[in-house]
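Notes for the one structure printed next.
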Amino acid sequence: MMFSEFLEFIQANEGAPNGKPAPTTEPSEIIGTALSRVDGPLKTTGTAKYAADYNFKNMAYAVPVCATVASGKIRSIDTSRAEKMPGVVLVMHHGNAPQIFRNGNGGRNSENRPPFEDDVVSYWGQYVALAVAETFQQAQAAAAAVSVTYDADKFNVSALLDDAMPEIGQPDGPKVLSHRGDFEAAFASAPVKVDAVYRTPVETHNPMEMHGTVAVWDGKRFTLYESSQGVINHMNVLSQMLGVPKEDINVISKFIGSGFGGKLFPWPHSALAATAARQLNRPVKLSVNRKMMFSNVGHRPRTEQRMRLGATPDGKLLGLAQDYRNHTSLHDDIRENCGEATPFLYSTANLRVSSALVKRNVGTPTPMRGPGAVPGLFALESAMDELAIALKMDPVALRLALDTQTDESNGKPFSSRHLKECLQVGSEKFGWAKRTPEIGSMRGKSKDGDDVILGWGVACASWGASRGPSQASLSLLQNGRVRVSSGTQDIGTGTYTIVAQVVSDKTGIPIDRIDVLLGNSSFVPGPTSGGSTATATVVPSIADAANNAIAAMLQITGSAKNSPFAGKTPQDLAMTEGKVHLKDKPASSGVPFEEILKGANLASADGAGKSGGLGSDTKARDYSTHSFGAQFVEVEWDPGIARLRVSRVVSVVDGGRIINPKTATNQMAGAIVMGVGMGLFEETIYDPRNGHAINDNFADYVVPTIADTPQIDVHFLDIPDPQMGEYGARGIGEIGLAGIAPAITAAVYHATGVRVRELPVRIEDVLKAKVAV
Amino acid sequence: MEAFKFSRAATVDQAVAAHAGATTAIAETRFVAGGTTLIDLMKLSVERPKVVVDINGLPLDKVEATPEGGLRLGALTRNADVANHDVVKRDYAVLSEAILSGASPQLRNMATTGGNLLQRTRCPYFRDTAHACNKREPGSGCSAIGGHNRMLAVLGVSSDCIATNPSDQNVALVALEATIDIQGPSGKRSVPAGQFHLLPGTTPHRETALQPGEIITSVTLPKPIAGSKQFYLKLRDRAAYEFALSSTAVVIKLSGGKIEHVRIALGGVGTKPWRALEAEHELTGKSADAANFRIAAEAAMRDAKPASENGYKIELAKRCIVRALTNATVQA
Ligand SMILES: Cc1cc2nc3c(=O)[nH]c(=O)nc-3n(C[C@H](O)[C@H](O)[C@H](O)COP(=O)(O)OP(=O)(O)OC[C@H]3O[C@@H](n4cnc5c(N)ncnc54)[C@H](O)[C@@H]3O)c2cc1C
Ligand code: SF4
């Protein structure tokens, strides 16, 4: 999905009409403290309950039956054998399922076509039936016993995206997404040119926690235990799909074993579990298994990107074009925004980004960490590396020379762009000055003590920064604790912790007296956790709720009978370290807020918080807001055995103010490991003869292990963004991944002389290296 | 997974008797040792035994010296215990290294010497009942030829099956010239490790020399060759926890600068743990240098037949052989 579409989507959630400018005062020390996660002990002791951990009395288990053709119609479904098997209570399919509705304007769904709508199959693995039984084993056996025949049809899962289509800009041809000057003319006359096609594969999200739904129906209301990156959106969409009012659906996602974008929007299993629960009038658990994760819950779509760069011999960029395609499913048009960073990353007068979709018989693609930007930057940054080589320029120097403080796509200044500093700090930390540019010219020792060739590469990173509207509720309680809630969720990134820090900053109450409640759609609406916007979005509403609760507290203090400060106006009072005191007296002279509540016979002092999206902030609209970064990679290359390993990564990120360096560093380090996977291992492979994602398991879909983890050095510039609102914090979930893969392929080229333009880099590619064995 | 009967055998005879009823090579009765292959495949409905006999109670879990100066590994010895056994580390280092290069610590704690010998191929089509596979369903066809075969074999392939034997342990056992000790309804017998696994030919469902009712009781390692050096090298995409794209086990002895004795076995490239006889032949009596190693590597891969995606393995295996020989002789 386009980042802009995602922003529209989050802005569409209800919230406050107007954003507030950032306070100018510096926050207390708790902001910027490397606090361990407040939910850490729950996770390390196994007490945190994830969706599929919920069990209920009389619960039945559902197991889907998956299509074994990639295209066609179901000719027959024979459930007779399955229905007679022990424990089986229901076998549901398009012929007998209660109606599941399409999502109209509820929110954002993943697949527009609801499950079991008709007899059409459009990808291998699509759910065609659901077996429900007393035990999981019985349901599994029953699902295997359902016999389905198909009238198979022609299909296409080709990895080549070279389908014939009209010219760029023509009807049904590629769409022009960004345009300035006259690229073709500038490129034609450019003395130095790069013209190359880059390809990125289908990647499967594969969070540790697989998708799953436990649906409880009480005759009127649904409670859905989900692994969701957006409980409010999930409630909105399921309300439409199930045909029940929103107040009759409660979506709960207290803990999420990560999502990487794959859990932003509901997938068909959720409606299936709920429908089965309603029909059977009993709780139903449906766990999506690892195999289904490869076909039924989205993926990063395949891209093919032609990059053309024209330059002067001294490195001025005369023109830049990115003409790309990505595949999408038959039912849904998902445009991967590969041109996200292209229009503004480097200075050039002539530019064009065009985009086209090609249909494939695959499940619907969905955002995966840094959607668009990550594959897009692989192409852009690889082409920049090739340009530097063509110009015989240092790749860092070339990028420094092309830096700009104006977003040339719209003429706006950047709110806070420090790409240059990222490159400079990164060069310093990495030791870039020692790099010799000749291929295979650098030597080192591997961890095992073998002589290896070193390759060094660099790439820049960028990711949009924004925030949507959000709400929060906060109560100062008579027992001395604080309860704060919002209908957002912590997808494993540290949202619980950051919310607690903000509350502590505003109220002065220590973290261990703050209870953060997230992951419940019955709370006031908070944001979907995606696009690296959750922190920036939720923080201002939490701050607002805290400020309002404090105001209420001061009001109570002045007006309550028996109050030590009876008769004082809120203007005379302040709350510090959880104590209410006279503004001109120290906190130590004050009274703990809980004492005042007790005296006033009040359970709590409450505050509602509301904050608007960046788009509603009239001042911020005049700026271009993005995060930036620079990533440096070292690879070790042992040509004698074609062994390639990423040995060292330095990642420098300009992500606004860092609220918690520990959770933030954790995001960056994880992104580096994910980048190693993207660079060297990951690819979902569809068998062209049947459309099956044939490596749909963790033995055949290779992800990095601890042994593949390089030495990691993460550094944040930590410069608050004046336009981002509270604290000037931007999001940092995705930026850490953005430059890793192109920095790896640049390093591979430097070590081996092999330019890999199609990810991942495989042994097959580097075996061709000409470096003497 | 499908329902099955479960029993525990207390003696080898009981186990043999329980298994002897099986009529076909794709037996309806299965022993379970560590279970890391069998249970995995049962969950995928690739293995569908009617009867599962637990053999973990059998007294086959010892590592013992043999009168001939070798070492006997009981069939139920765990891979982790064998790899970390002092005598194995000292005299059969290639076996220790091979085992430790495979799977994960958790799996090695469960996996047994006997079970490892009989682990099944990782061919993705074998492991998914939606696809035709001659090994799983004789006569149904081979989906890997012309499909996703990047991981599969280039040596010993047939037009009916190109599946790799995925084991690391077995490669070392072949290089060490171990023997597999078997007990069955008609008594005991021993088979050399190099002959234990069968080429697929037209019967890829027949994988080993075992007959219905037969159980592996132990693996015997011969007396170590004095003065020999050993080395195991495994090449794969990532650094750990992945099956070999190519591996080499070397047992080599130099004498007066010349190669007096050499055994080379290859993993990841053959339909069975592959003894590189041609390479050994090229090296015997020659000096241990890079040129001769490369000649040997060429000889080893001369008969390789690549499929659509795995041609790279031929060059990779050659480099693997050269490096393994180099490392083994550098130590020498
Ligand atoms: C994720 C994963 C990764 C792995 N990676 C590697 C790797 O990198 N390298 C590697 O070499 N291996 C690897 N393995 C395979 C592993 O080594 C084998 O699964 C293990 O060795 C099998 O031993 P087991 O005792 O668990 O066998 P079981 O599963 O108990 O048995 C396997 C087969 O042997 C039969 N059997 C067992 N014992 C006897 C006996 N005494 N006599 C007759 N028949 C018997 C059983 O009936 C069954 O058919 C991996 C496995 C997994 C699951
Ligand atoms: S290679 Fe062998 S195991 Fe794989 S599909 Fe073909 S017959 Fe089956």
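The values are calculated or read from the model by the stated rules, or taken from the named source; none is laboratory data. All values derive from a computational prediction rather than experimental measurement. Here the Cβ positions follow ideal geometry from the backbone for every residue, glycine too, while neighbour counts run over all protein chains shown. Protein only, heavy atoms only, side chains kept; ligands, DNA and RNA dropped before computing areas. Shrake-Rupley method; radii C 1.70, N 1.55, O 1.52, S 1.80 Å.
Before moving on, here are some points about what is shown:
- Annotation: amide H-H contacts under 5 Å for residue A:573 (H modelled 1.01 Å from N, sequence separation of 5 or more, or interchain): A:583.
- Extension gain, residue A:158 to residue A:712, is 195.8 nm, computed as 0.36 nm per intervening residue step minus the present C-alpha separation.
- Taken residue by residue and averaged, Cβ atoms of other chains lying within 10 Å of the Cβ of B:242-252 number 1.
- Karplus-based coupling profile of the stretch B:62-74, in residue order and whole Hz: 9, 10, 10, 6, 9, x, 7, x, x, 9, 10, 9, x, with θ = phi - 60° in 6.51 cos²θ - 1.76 cosθ + 1.60 and x standing for Gly or Pro.
- Hydrodynamic radius of the stretch B:233-329 per Kirkwood, over alpha carbon pairs, in Å: 13.4 Å
- Square roots of 5 times each gyration tensor eigenvalue, C-alpha, the stretch A:243-308, largest first, Å: 31, 14, 13
- For chain B, the longest principal axis of the Cα atoms and the long axis of helix B:290-300 meet at an angle of about 30 degrees.
- By average C-beta atoms within 10 angstrom, highest first, the peptides A:529-542, B:210-223: A:529-542, B:210-223
- Cross-link partners for residue A:254 among the lysines, with Cα-Cα distance under 30 Å and sequence neighbours closer than 8 places in the same chain left out: A:20, A:43, A:49, A:57, A:220, A:246, A:263, A:285, A:291, A:506, A:610, A:662.
- Sorted largest first by accessible area at a 1.4 angstrom probe radius, with every protein chain in place, the residues A:94, B:281 fall in the order B:281, A:94.
- Shielding score for A:141-149, defined as the mean number of other chain Cβ atoms within 10 Å: 1
- Highest-first packing order for the peptide set A:279-290, A:749-760, A:437-448, A:251-262 is A:251-262, A:749-760, A:279-290, A:437-448, based on the mean count of other beta carbon atoms within 10 Å.
- Pairs over the 31 Å Cα-Cα cut-off, from the set A:447/B:229; A:359/B:305; B:229/B:313; A:175/A:316: A:359/B:305.
- The listed peptides A:697-709, A:511-523, ordered by packing as a protection proxy, come out as A:511-523, A:697-709 (highest mean of other Cβ atoms within 10 Å first).
- Reciprocal mean inverse distance between Cα atoms of the stretch A:226-278 - Kirkwood radius, Å: 11.3 Å
- For chain A, the Stokes-Einstein estimate of translational diffusion at 20 °C and a viscosity of 1.002 mPa s comes to 78 µm²/s, using the Kirkwood hydrodynamic radius over alpha-carbon pairs.
- Among the residues of the stretch A:670-699, those with an accessible-area drop of 50 Å² or more from chain alone to full protein complex, heavy atoms and 1.4 Å probe, are A:689, A:694.
- Average Cα contact separation per residue, chain B, under 8 Å, 6 or more apart, as relative contact order %: 18 percent
- Annotation: amide H of residue A:716 within the under-5 Å range of A:653, sequence separation 5 or more or interchain, hydrogens built in the peptide plane.
- Total accessible surface hidden between B and A, rounded to 100 Å², 1.4 Å probe: 2600 Å²
- Estimated dipole of the stretch B:5-54 in Debye, rounded to 20 [Cβ of Lys and Arg +1, of Asp and Glu -1, Cα centre]: 160 debye
- Based on Cα contacts under 8 Å between residues 6+ apart, the stretch B:229-331 shows a relative contact order of 28 percent.
- Solvent exposure, largest accessible area first (probe 1.4 Å, DNA, RNA and ligands not counted), of B:148, A:715: A:715, B:148
- For the peptide B:117-129, the mean number of other protein chain Cβ atoms found within 10 angstrom of a residue's Cβ is 2.
- Overall dimensions of the stretch A:25-115 by Cα: Rg and Dmax, Å: 22.9, 71
- Percent accessible area from carbon and sulfur atoms, the protein assembly as shown, protein chains only, probe 1.4 Å: 52 percent
- At q = 0.10, 0.11, 0.15, 0.18 Å⁻¹, base-10 log of I(q)/I(0) for the stretch A:215-335 (Debye sum, equal scatterers on each alpha carbon): -0.46, -0.51, -0.76, -0.97
- Largest-first ellipsoid semi-axes for the stretch A:136-190, taking √(5λ) over the Cα gyration tensor eigenvalues, angstrom: 50, 16, 11
- Here the stretch B:1-153 yields Rg over Rh of 1.01, to two decimals, using C-alpha coordinates and the Kirkwood radius.
- Overall shape of the stretch A:320-435 was characterised from the C-alpha gyration tensor. The equivalent ellipsoid obtained from it has semi-axes of 30, 17, 14 Å, in decreasing order.
- Averaged per residue, the protein assembly as shown has 36 square angstrom of accessible surface, using a 1.4 angstrom probe with ligands and nucleic acids left out.
- Each part reduced to its alpha carbon centroid, the stretch A:741-756 and the stretch B:125-146 end up 38 Å apart.
- Between the stretch B:1-79 and the stretch A:155-224, the alpha-carbon centres lie 50 Å apart.
- Helix B:312-331 axis, angle to chain B major axis (alpha carbon atoms, nearest 10°): 60 degrees
- Projection of the Cα convex hull of chain B, averaged over all directions and equal to a quarter of that hull's surface, yields 15.9 nm².
- Whole-Hz Karplus values for the stretch B:302-309 come out as 4, 8, 5, 10, x, 9, 4, 10 Hz, taken residue by residue from phi with 6.51 cos²θ - 1.76 cosθ + 1.60 and θ = phi - 60°; glycine and proline positions read x.
- Computed over chain A: relative contact order in percent, which uses C-alpha pairs under 8 Å that are six or more apart: 18 percent
- Whichever aspartates and glutamates have a C-alpha closer than 14 Å to that of residue A:73, once near sequence neighbours (fewer than 8 apart) are set aside: A:117, A:118, A:119, A:151, A:153
- Separation of alpha-carbon centers, the stretch B:247-289 and the stretch A:445-517, rounded to whole Å: 56 Å
- List of the stretch A:701-717 residues, accessible area with partners at least 10 Å² below that of the chain alone (1.4 Å probe): A:702, A:703, A:705, A:707, A:708
- A viscosity of 0.692 mPa s and a temperature of 37 °C, combined with the Kirkwood radius over Cα pairs in Stokes-Einstein, give a translational diffusion coefficient for the stretch B:5-54 of 296 µm²/s.
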